[in-house]
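Worksheet for the structure shown next.
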Amino acid sequence: MTRLLHIEDVYKSYGDKLVLDNIDLTVSQGEFCTVVGPSGCGKSTLLRLILGQEEPSEGRIEIKGQQGALPDRTRGIVYQRYTLFAHKTVLENVMLGRTLTEGQWWNPWYRNKSHVEEAMEFLRRVRLEDAAGKYPHELSGGMQQRAAIAQALIMRPPILLMDEPFGALDPDTRSDLQLYLLELWEKEKLTIFFVTHDMQEACFLGTRLLVLSQYYSDDRGMGADVKRGGKIVSDHALPKMATSTEVMNSEAFRALIEQVKKEGFDPDFRQHVKDFNLKHPDSFQTLLQSEYNAGQ
Amino acid sequence: MKRPVFLGLFAQPPKALQIVLAALPFVLLLVAYLVASDIRLEANPNDKLLPSVGQMVDAIDRLAFQPDRRTGDYLFWQDTLSSLQRLLTGLGLSTLVALTVGVMMGAFNGLFVLGNPFLTFISMVPPLALLPILFISLGIDEVGKIALIFIGTFPIMTRDVALSVRGMPKELIIKAKTLGASDFAVVGTLLLPQIMPRLITALRLSLGAAWLFLIAAEAIASTDGLGYRIFLVRRYLAMDVIIPYVLWITLLGFLMDLLLRILLKWRYKWYQG
Ligand SMILES: Nc1ncnc2c1ncn2[C@@H]1O[C@H](COP(=O)(O)OP(=O)(O)O)[C@@H](O)[C@H]1O
């Protein structure tokens, strides 16, 4: 397995507010990496840094060994909102990547048969072939998200970033799309980095579950002057569960949810940085002396 | 549940009443005019201030359907054509500049920093104060009038477009980049098409100003045009010409606005608001 994404010693602050606090993370190819954490812990910020939408205040972010690139084809993105281009039909939206890179985007009459066929194939995979000629505003939220996934996938990005992509959908559509995304991930051998605040979703989808949280303790003490931001407080390797919502009722699944809830969402339960549950083989941690004063 | 018909926050006038309500102020104004005109003409048949409908029809018939004794032109149509030419040329240039310069400024931060303070500055210059300068430097024929309309409308339209482009969700631009778009492709496939409805709205809002500058320019230095005619016949207190001309200008403005609105509805269905 190759290291697709490598993050080391990354900090991000907005003015006085520290949002991400010494993040270390490596993600391998083929991983379905879900990130969960309480609201405001910096999940979306982390995703924006990986995407190149924003720069880290400190630290390194590498995609395939390349450091600090602006948004480009190495990362695909599906947002919760602003998913499709409103002035283009669904087919044109899905085809857009091909038109931009191999076709004539400046020519409004440009049509490439192989691009259309490829886009239709992707639309079939997301079960939207009947909506090809429609405009995004004529689609339901779930259909829009499926089209957005097809739009991103047609470029076969090395890593697909998703920022609460199903957050605005009703529960039925949501679990539909979850199953569907798992199916796609398996078939297309995708690498996915998926941010959500929903523990069920994170535990169900991921092969690797990261809990990002501001609720932890370290040797800097608990003084009010200590600025502390979100950190990866646990890193689980999840067994690839059967792709059915059945597993959600299993004992193991419920135990996992309970554990995640405690690790990340409970302000009164603060693990010390040295005790974080970082069992995933790709996991690593570089602590400053101020955070963990091991020697003394 | 019973909704009130007219009064109250939840009033829902039925279709027929809506039409009646919409027409009411017009009818009232018309009736008031007719009555007042009647009273004045009764007292003095030579009164010029509030001409009767018949007098106005006569005046327009003379100007629109009989060739002028001196020049042989149909003055009403000649005036309309000249004015529309000036108006549309000026507005067309503004629209073109707003679209090109505005979108580029909105898209590229560097260009925005370069152009925005300057645009803000010239949008503050009262265009009518520039009128003498324009007439002196560009002459009193077409160029000066078109320049006034252009200068009066393009800074605000360009700024509006630039700010709207900047206000577009960054997510869309980033998405286009992740799909492999070059910077210019982002402008061409995303920003330009998405700004079109906004541009049309900006154009609609500029129509009123454009008419103002047109009439002003024509009033001061011209040999034809709707504004020229109004200010010419003012000397003879020819309200029977002035009132129909004003109504005609209003109608033209309304029709342009309507056309743009229809274009917006028909061509840009995806655009809400
Ligand atoms: N552009 C910004 N400027 C200032 N503060 C920001 C900005 N973006 C995010 N924040 C702050 O960073 C924190 C984390 O935000 P975010 O990453 O969106 O959290 P999450 O996605 O985990 O809910 C929040 O407290 C938010 O107020």
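Given the whole protein assembly as supplied and a 1.4 Å probe, what does the accessible area of B:Tyr271 come to in Å², nearest 10?
Surface accessible to solvent at B:Tyr271 totals approximately 60 Å².
Label point 7 Å out from B:Arg40 along Cα-to-Cβ: which residues of region B:2-34 have amide N under 11 Å?
It comes to B:33-34, nothing else.
Cα extents of region B:215-263 along the three principal axes, largest first, in whole Å?
41, 23, 12
Please find the FRET efficiency linking A:Asn112 to B:Leu263, where r is the Cβ-Cβ separation and R0 is fixed at 35 Å, and quote it to the nearest 0.05. Walk me through the numbers on the way to the answer.
Details: r = 30 Å, r/R0 = 0.86.
My answer for the efficiency is 0.70.
Would you please calculate the Kirkwood hydrodynamic radius of the protein assembly as shown over all C-alpha pairs and express it in Å, rounded to one decimal? Don't skip to the answer; put the middle values down first.
Values: mean 1/r = 0.0344 Å⁻¹.
For the protein assembly as shown, inverting the mean 1/r across all distinct Cα pairs yields 29.0 Å.
Using a Förster distance of 41 angstrom, determine the FRET efficiency expected from the C-beta separation of A:Asp219 and A:Asp198, and round it to 0.05. Numbers along the way, then the final one.
On the way: r = 33 Å, r/R0 = 0.80.
Once rounded, the FRET efficiency stands at 0.80.
What does chain A give for Rg and for Dmax, in Å, if only its C-alpha atoms count?
Taking only Cα atoms of chain A, I get Rg and Dmax of 20.2, 71 Å.
May I ask you to work out the translational diffusion coefficient for region A:11-105 at 4 °C, viscosity 1.567 mPa s, via Stokes-Einstein with Rh from the Kirkwood sum over Cα pairs, reported in whole µm²/s?
Working: Rh = 15.7 Å.
The calculation lands on 82 µm²/s.
Scan around A:Thr191 for amide H atoms under 5 Å from its own, H built in the peptide plane at 1.01 Å from N, and keep only partners 5 or more places away or cross-chain.
Close amide H contacts, sequence-distant or interchain: A:Gly30, A:Leu160.
Sequence neighbours fewer than 8 away in the same chain don't count; with that in mind, list the aspartates and glutamates whose C-alpha is under 13 Å from B:Lys48.
Once the sequence-local aspartates and glutamates are set aside, what remains near B:Lys48 is B:Asp38, B:Asp240.
Just the number, please: Stokes-Einstein D of region B:80-272 in µm²/s, Kirkwood Rh from C-alpha pairs, 20 °C, 1.002 mPa s.
On the way: Rh = 18.2 Å.
Translational D for this selection: 118 µm²/s.
Would you mind checking which residues have amide H under 5 Å from A:Glu54's amide H? H placed 1.01 Å from N; only 5 or more apart, or other chain.
When sequence neighbours closer than 5 places are left aside, the close amide H contacts are A:Leu49.
What does the highest-first list of A:94-101, A:196-203, B:225-232 look like by mean Cβ count within 10 Å?
Values: A:94-101: 24.4, A:196-203: 20.2, B:225-232: 22.2.
The packing order, highest mean first, is A:94-101, B:225-232, A:196-203.
Using the Karplus curve 6.51 cos²θ - 1.76 cosθ + 1.60 with θ = phi - 60°, work out ³J(HN,Hα) for each residue of region B:128-137 in order, rounded to whole Hz, and write x for Gly and Pro.
5, 5, 7, 3, x, 4, 4, 5, 5, 7
Hey, could you get me the Stokes-Einstein D for region B:61-182, Kirkwood radius over alpha-carbon pairs, 10 °C and 1.306 mPa s, rounded to whole µm² s⁻¹?
On the way: Rh = 17.2 Å.
The calculation lands on 93 µm²/s.
What does the structure give for B:133-146 when I average, per residue, the other chain Cβ atoms found within 10 Å of the residue Cβ?
On the way: counts 0, 0, 0, 0, 0, 0, 0, 0, 0, 0, 0, 0, 0, 0.
Partner-chain Cβ atoms within 10 Å, mean over residues of B:133-146: 0.
Which of B:Leu111, B:Leu91, B:Leu191 ends up with the largest GNM mean-square fluctuation for chain B, with Cα atoms connected below 10 Å?
B:Leu111
What is the percent carbon and sulfur in the accessible area of the protein assembly as shown, measuring with a 1.4 Å probe over the protein chains and ignoring ligands?
Working: 17460 of 28750 Å².
The C+S portion of the solvent-accessible surface of the protein assembly as shown is 61 percent.
Taking chain A as a Gaussian network, Cα atoms linked when under 10 Å apart, which of A:Asp235, A:Asp266, A:Asp24 shows the biggest mean-square fluctuation?
The residue with the greatest mean-square fluctuation here is A:Asp266.
If you count, for every residue in B:189-198, the Cβ atoms of partner chains within 10 Å of its Cβ, what is the mean?
Numbers: counts 10, 6, 0, 1, 5, 4, 0, 1, 1, 0.
Counting Cβ atoms of other protein chains within 10 Å of each residue's Cβ and averaging gives 3.
How large is ³J(HN,Hα), in whole Hz, for each residue of region B:171-178 in order, when computed from phi with the Karplus curve 6.51 cos²θ - 1.76 cosθ + 1.60 and θ = phi - 60°, using x for Gly and Pro?
Karplus values, whole Hz, x for Gly and Pro: 4, 5, 5, 5, 4, 4, 5, 5.
Among B:Ile151, B:Tyr228, B:Ala43, flag the residue with its Cα farthest along the positive direction of the charge dipole of chain B, charges on Cβ as +1 for Lys/Arg and -1 for Asp/Glu.
My answer, from the dipole projection, is B:Ile151.
Would you mind checking A:Lys12/A:Lys240; A:Lys113/B:Lys175; A:Lys227/B:Lys177; A:Lys88/A:Lys240 for any pair whose Cα atoms are more than 30 angstrom apart? Walk me through the intermediate numbers first.
Working: A:Lys12/A:Lys240 32 Å; A:Lys113/B:Lys175 24 Å; A:Lys227/B:Lys177 35 Å; A:Lys88/A:Lys240 38 Å.
Over 30 Å Cα-Cα: A:Lys12/A:Lys240; A:Lys227/B:Lys177; A:Lys88/A:Lys240.
Over all residues in B:166-177, what is the mean tally of Cβ atoms on other chains that come within 10 Å of each residue's Cβ?
6
State to the nearest 20 debye the size of the charge dipole of region B:80-272 about its Cα centre, where the only charges are +1 on K and R beta carbons and -1 on D and E beta carbons. Could you put the intermediate results ahead of the total?
Working: 16 positive and 9 negative charges, 120 e Å.
About 580 debye.
For chain A, what does the helix formula give at 222 nm: sum of -39500 (n - 2.57) over DSSP H segments with n ≥ 4, over the residue count, nearest 500 deg cm²/dmol? Write out the running numbers ahead of the final one.
Working: 7 runs with 83 residues, N = 296.
Counting only the DSSP helices, I get -8500 deg cm²/dmol.
Between A:Lys262 and A:Asn249, what length in nm is gained on full extension when 0.36 nm per residue of separation is reduced by their alpha carbon distance? Write down the numbers at each step before the final one.
Details: separation 13, 0.36 × 13 = 4.68 nm, distance 1.93 nm.
Full-extension gain reported as 2.8 nm.
Can you pull the one-decimal nm distance between simple spin-label points at B:Phe6 and B:Val125, each 7 Å off the Cα toward Cβ?
Modelled inter-label distance: 5.2 nm.
From a point 7 Å beyond the Cα of B:Tyr33 in the direction of its Cβ, which residues of region B:59-90 have a backbone N at a distance under 15 Å?
What the label zone holds, given the 15 Å backbone N cut-off, is B:59-60.
What list of ³J(HN,Hα) couplings, whole Hz, do you get for region B:105-119 from phi and the Karplus terms 6.51, -1.76, 1.60, once you set θ to phi - 60° and write x for glycine and proline?
Karplus values, whole Hz, x for Gly and Pro: 5, x, 7, 10, 3, x, 5, 5, 4, 5, x, 5, x, 5, 4.
The values are calculated or read from the model by the stated rules, or taken from the named source; none is laboratory data. What you see is a predicted model, and the numbers here were worked out from it, not measured in a lab. Using ideal geometry, Cβ is built from the backbone for each residue, glycine included, and neighbour counts are taken over all protein chains shown. Keep in mind that these areas ignore ligands, DNA and RNA; they rest on the heavy atoms of the full protein, side chains included. Shrake-Rupley method; radii C 1.70, N 1.55, O 1.52, S 1.80 Å.
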